[in-house]
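**Student:** Before I ask anything, here is the structure I am working with.
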Amino acid sequence: MGGKRLQLLKEAVPKATRVAILLNPTGTSAALQLREAELAARRLGVKLHPVEAQRAEDLETTFQTATVARGHAFLWTGAAAKQRDSPS
């Protein structure tokens, strides 16, 4: 899924060469999403910048990190939001 999302993003923003990808490191699918996105990134000539957020409170710092990485686009894997309803 991460690879397909990156492919669609690249089609929408063809000049994007640096993409920040949001992951929840505690999510069960985070590693798979990142691995798929990395494979697609190599194929598409994109440099990925993984950024992590476990809670909504982490998002401001996460976006700042993505901005410092000078990404052309931001890819949300969806796995980050699924964890928000899980008990802590």
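**Student:** If THR61 passes every condition in (1) more than 16 Å from LYS15 (Cα to Cα); (2) modelled with pLDDT under 80 but one, which one does it miss?
**Tutor:** (2)
**Student:** Every residue in segment 14-55 that is of a type in the set (D, E, K, R) and either at pLDDT 85 or above or on the phi > 0 side of the Ramachandran plot (or both), please. Explain how you work it out, then say what you get.
**Tutor:** As a first pass, look at segment 14-55 and keep what is of a type in the set (D, E, K, R): 15, 18, 35-36, 38, 42-43, 47, 52, 55.
Residues satisfying the conditions are LYS15, ARG18, ARG35, GLU36, GLU38, ARG42, ARG43, LYS47.
**Student:** Pairs only if they're at least six apart or on different chains, beta carbon under 9 angstrom, first in segment 23-47 and within 19 Å of PHE63 (Cβ to Cβ), second of a type in the set (Ser, Thr, Tyr) and crowded, with 19+ Cβ neighbours inside 10 Å; list them, first residue then second.
**Tutor:** LEU23/THR77; ASN24/THR77; GLY27/THR77; ALA30/THR77; GLN33/THR77; LEU34/THR77; ALA37/THR77
**Student:** Restricting the search to segment 22-58, which residues are small (Gly, Ala, Ser) and closer than 17 Å to HIS72 by Cβ? Walk me through it before giving the result.
**Tutor:** To start, the set of residues in segment 22-58 that are small (Gly, Ala, Ser) comprises 27, 29-31, 37, 40-41, 45, 53, 56.
The answer is ALA37, ALA40, ALA41, GLY45.
**Student:** If THR77 satisfies every condition in (1) over 14 Å from the mean Cα position of the chain (by Cα); (2) at pLDDT below 80 but one, which is the exception?
**Tutor:** Here THR77 clears every test but (1).
The values are calculated or read from the model by the stated rules, or taken from the named source; none is laboratory data. Every value quoted in this text rests on a predicted model; they were computed, and no experiment measured them. As a convention, Cβ positions derive from the backbone with ideal geometry for all residues, glycine included, and neighbour counts pool all protein chains shown.
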